[in-house]
Amino acid sequence: MGQTRSLTATSGENGQRMRDLEARERILTTTLKMLGELGYSRLTIGGIAQEAGVGKATIYRSWPNKAALTLDAVRTQLPQIPVEETGDSEQEVIAVAETLAALYGSPRVRLVLPALVSDAAADPELGRRLREELIEERKRQSTAVLQRAVDRGDMAKDADISTILDMWAGLMLFRSLFFDVSFDEQAVRNLVAATLDSPPRLTDACERPSDR
């Protein structure tokens with residue numbers, strides 16, 4: 001009889017976990033849908049809860065506020081940086097640049113990133129997650145690919161990879177946010193060619209990221 005109760009409890013726990021996962025997926029999907037329809041400023045936890053068919057308390061158990069929920073929802077849609085080694089430095093770097101261009105040119109990122117940055121100024125935890133989950137992870141992956149180009153001799157050994165990636169992101173975001181223009185294939189290839197040919201250089205006064 002004790003074993004029967006144990007099996008029943010386990011079954012109930014598994015069923016609850018499945019319902020929780022289904023609710024979480026529904027909440028994230030609904031957030032993305034409403035974000036596209038309403039924009040970030042008009043998005044509310046109450047509206048998401050009603051559309052997703054859950055209570056607001058269900059949302060607040062996983063996310064403390066709208067910004068954290070939106071960050072999670074957008075992050076699920078972001079592409080991963082291609083880090084596969086092919087032996088062709090130029091093509092590997094182009095693949096990274098194309099992925100970053102698609103990321104920073106994404107309508108969802110363009111829609112929500114300025115608002116998230118604004119909220120992060122008053123919410124250190126959100127700022128930390130924004131850096132670690134949206135920016136730093138992809139920058140580490142991108143750095144690994146560009147470092148391979150340096151190691152192969154296909155880019156200057158004193159190339160400042162961190163500055164290269166910051167410049168790319170700044171340029172891509174500037175065009176996306178202010179001109180609603182994304183980098184096309186030719187623009188990406190031109191950017192990569194210029195980077196490989198004449199990258200910004202580290203100086204004696206600069207520290208490599210690995211030395212910090």
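The values are calculated or read from the model by the stated rules, or taken from the named source; none is laboratory data. The model shown is predicted, which means the values in this text are computed figures rather than measured ones. Cβ atoms come from the backbone with ideal geometry, glycine included; neighbour counts cover every protein chain shown. For accessibility, only protein heavy atoms count, side chains too; no ligands or nucleic acids. Shrake-Rupley method; radii C 1.70, N 1.55, O 1.52, S 1.80 Å.
Results for (1) within 16 Å of W168 (Cβ to Cβ); (2) open to solvent by less than 50 Å² (accessible area, probe 1.4 Å); (3) not charged (D, E, K, R), shown as yes or no for each residue.
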residue: V96; (1), (2), (3): yes, yes, yes
residue: R108; (1), (2), (3): no, no, no
residue: L134; (1), (2), (3): yes, yes, yes
residue: K139; (1), (2), (3): yes, no, no
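For the stretch 110-132, taking the residues that are loosely packed, with under 13 Cβ neighbours inside 10 Å and of a type in the set (D, E), the one that is farthest from T76 (Cα to Cα) is identified as E125.
Is at least one residue of the stretch 22-44 modelled with pLDDT of 90 or more and on the phi > 0 side of the Ramachandran plot? There is no residue in the stretch 22-44 that is modelled with pLDDT of 90 or more and on the phi > 0 side of the Ramachandran plot.
Being surrounded by fewer than 17 Cβ atoms within 10 Å (Cβ to Cβ) and within 17 Å of A95 (Cα to Cα) is the filter here, so list the residues in the stretch 153-165 that pass it.
The answer is D154, and nothing else.
Taking the stretch 46-162 and the helices (runs of 4 or more DSSP H) fully enclosed by it, the elements with 3 or more residues that are of a type in the set (V, I, T) are at 89-104, 107-120, 137-151.
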